[in-house]
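Where a number appears in this text, it was derived from the coordinates with a stated rule and is not lab data. Everything numeric in this text was worked out from a predicted model, so none of it was measured. Cβ placement follows ideal geometry from the backbone for every residue including glycine, while neighbour counts extend to all protein chains displayed.
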Amino acid sequence: MLNMKKFTTLFLLMAALLPVAAQVQYGTEQYAVRAYAGYAHNTTYGSYGVFDFGGFMPINQHFEMQADLRLSTAGNHAFGVQLRPKFTVPVGEMFIEARLLSNLYKRDGYNDFTQLIGVGYRMDHVTAIVGMSTRIIMETPYDWHSTQSMIVEPFNICYKIEAFICKQTSPWNISLCATNITDYQIERVWQPMFMATGLYNIDNHWQVNLAVLCKPTGMFHLNAKYYGSEVRAGFNYNF
Amino acid sequence: MKKTIILSSIIALLCACNPDTWNLDVTGMFSGSSAGIDQRVEDSFDYNNKNGFPHIYATAESYSVYVCTDTHVDRTRDNWEKFIQAYRADAGCPLALHLGDLVNAQNHWDYMRRPVDSIPANPTKKDTLLVVAGNHDLYFNQWKEYVRLWKTSTYYAIVETPAGKQDLYIFVDTGEGILGKKQTEWLRTTLNWANTQAFRHIVVCTHTHLFKLDSSQGITSNMPLEETYALLHLLKQHKVEMFWCGHDHSREVTNLGSMTAIIIDALFDREPQPAYLIATMADAPIDYRFVKP
């Protein structure tokens, strides 16, 4: 039988072999890969490094895929796949956001697997997503003989609203985003994150990216304080 | 456009007319007004260093602990008074706990505290009430009021039976949804020490819940995921038997392998189904039941 360690290794290997994920660029129909590195900090782990890889695959006019892999020196790794059927509407584009995300909290002996389904809308200066997710939380190594090694948070509301300074197709852009979903984490509804992203197309193939994320705690405890932050930079390569 | 502005103004006016809206420190969503967790832990340590930790003596090998949470005392305090009367009347109860959100908002601290001092003690026994801060006890800069009346929010207490068996209760402050670095280190050190002693039961008591598996009653803010897993790991690694918390207002019992996490109902007067928990501490695993006030 496939044990949890082998399963995780296989899972991460598959992730590494997949072409890597890029930020979705509205209007882009090119395959793209990306690699980012970053510094992160939160009050639970202290300082740690993150290394992100991803691939963006526009399968056809109505369907795109994205795969994301994060390796972290804090021992908190993530692998996700995003499937996005999309439909052009008179103004902008509607899409279905379907995500599968696995987070391995190796330092704490837990693994969670989150499924998200939502609807999204993007136009020149705005992208918005609203959906729901379910999280399965498992101890690692998983005890197959106990029902108490796994619990399920069945319902969570997910949202993302991102506003861009320029049109999403322009060669440079800056965006501001409030969300509880990133490519590497699907947080609970009451745990928003705030992100600023900048991108610049060096030429037809290379794009440089910089993202800053801030994660407060206690916003809906009405006693908000700093919890964590992250700065990451890297390149996208469009084929 | 004109209609939208008028409608928005009416809604804003209605909100402003609702006294409950005044009880929400909306600015706290962006910057909490009370001291941050590390400073609060320092304040608690200052008190602990000067006064030590509570050591309580039970009169029998089996005793009861009364646990309530989320009284949100404001204009009324009926359930809170009933809770105090109940644990004081129980000759087998040396310890009562309140897991935070003592008051709903500012200006009710003395009103909330008064029954603790005015309801007559039971002459046949001694009992102790211990509390921990919740988020409602922090916003509007209320930590100062909490400290004035309740002194500490990060500490432990030991209950000792006549035969010398001891149960450990650890209180951690999660009023803003995290433990913070200092408190996490203190909790780790305390649990390491606890595992070298022969405690009969180890219980961790706090305000904010770890998980919410039943969404039928709504979902409430809890800790960031990283903090949730780190805390759960720490508790399970150190053989904590139970994790008692509140915050969510609706009961939930989750078996997490060797540990049981219990979200206890709110005791808020305006809660449709208020309840508190009575735990029986004996040589056997902890037994508990929920009681309506």
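Would you mind computing, in nm to one decimal, how far apart the modelled labels at A:Val152 and A:Thr134 are, each placed 7 Å from Cα along Cα→Cβ?
0.5 nm
Provide a whole-number value for the mean count of partner chain Cβ atoms within 10 Å of the Cβ atoms in peptide B:176-182.
The per-residue average across the peptide is 6.
Between B:Lys144 and B:Phe53, with labels modelled 7 Å along Cα→Cβ, what's the label distance in nm to one decimal, could you check?
For the pair B:Lys144/B:Phe53, the computed spacing is 3.1 nm.
Just want the answer: with Cβ charges of +1 for Lys and Arg and -1 for Asp and Glu, which residue in B:Gln39, B:Thr128, B:Asn79 is farthest toward the dipole's positive end in chain B?
It is B:Asn79.
On C-alpha positions alone, give me the angle between the axis of helix A:4-17 and the longest principal axis of chain A, in degrees, nearest 10.
10 degrees
Using the number of other C-beta atoms within 10 angstrom as an exposure proxy, rank B:Ser250, A:Ser72 with the fewest first.
Numbers: B:Ser250 19, A:Ser72 22.
Ranking B:Ser250, A:Ser72 by Cβ neighbours within 10 Å, fewest first, gives B:Ser250, A:Ser72.
Please order A:Val119, B:Val103 by the number of other Cβ within 10 Å, starting at the fewest.
Sorted ascending by nearby Cβ count, the order is A:Val119, B:Val103.
Using a cut-off of under 19 Å, list every residue of the range B:120-147 whose amide N is near the label point 7 Å from the Cα of B:Ala60 along the Cα-to-beta-carbon line.
B:122-128
For B:Leu187, B:Leu234, what ranking results if the residue with the fewest other Cβ atoms within 10 Å of its Cβ goes first?
So the residues, fewest neighbours to most, are B:Leu234, B:Leu187.
Determine the distance separating the Cα centre of the range B:139-204 from the Cα centre of the range A:57-116; give it in Å without decimals.
Comparing the Cα centres of the range B:139-204 and the range A:57-116, I get a distance of 40 Å.
Given springs between every Cα pair under 10 Å in a Gaussian network model of chain A, which of A:Phe220, A:Phe51, A:Phe164 has the largest fluctuation?
A:Phe220
Antiparallel versus total DSSP beta bridges in the range B:154-264: what percent is that, nearest 5?
Counting only bridges with both partners in the range B:154-264, antiparallel ones make up about 50 percent.
Which of B:Lys82/B:Lys165; A:Lys160/A:Lys225; B:Lys126/B:Lys165; A:Lys86/A:Lys167 have a Cα-Cα distance over 27 Å?
On the way: B:Lys82/B:Lys165 30 Å; A:Lys160/A:Lys225 21 Å; B:Lys126/B:Lys165 18 Å; A:Lys86/A:Lys167 19 Å.
In this structure, B:Lys82/B:Lys165 exceed 27 Å between Cα atoms.
What does the average come to when, for each residue of peptide A:148-155, you count the partner chain Cβ atoms lying within 10 Å of its Cβ?
Values: counts 7, 2, 0, 8, 2, 6, 5, 7.
Going residue by residue through A:148-155 and averaging, the value is 5.
By how many nm would the segment from B:Lys125 to B:Ser31 grow when fully extended, if each residue of separation counts as 0.36 nm and the alpha-carbon distance is taken off?
29.4 nm
Taking 0.36 nm per intervening residue step and subtracting the Cα-Cα distance, what contour gain separates B:Phe45 from B:Gln197 on full extension?
My answer for the length gained is 52.5 nm.
Could you tell me the center-to-center distance, by alpha carbons, between the range B:233-293 and the range A:174-194 in angstrom?
31 Å
At R0 = 51 Å, how high is the FRET efficiency between B:Ala284 and A:Ile202 if r is their beta carbon distance? Nearest 0.05 is fine.
Once the sixth-power term is evaluated, E becomes 0.15.
Which of A:Asn42, A:Asn209, A:Asn60 moves most in a GNM of chain A, Cα contacts under 10 Å?
In this elastic network of chain A, the residue with the biggest mean-square fluctuation among A:Asn42, A:Asn209, A:Asn60 is A:Asn60.
Just to verify a number: FRET efficiency for B:Asp78 and A:Ile96, C-beta to C-beta distance, R0 = 41 Å, to 0.05?
On the way: r = 50 Å, r/R0 = 1.22.
The value I calculate is 0.25.
Would you mind working out the magnitude of the charge dipole of the range A:180-239 relative to its Cα centre, with +1 at each Lys and Arg C-beta and -1 at each Asp and Glu C-beta, to the nearest 20 Debye?
Values: 4 positive and 4 negative charges, 54 e Å.
The dipole magnitude comes to about 260 debye.
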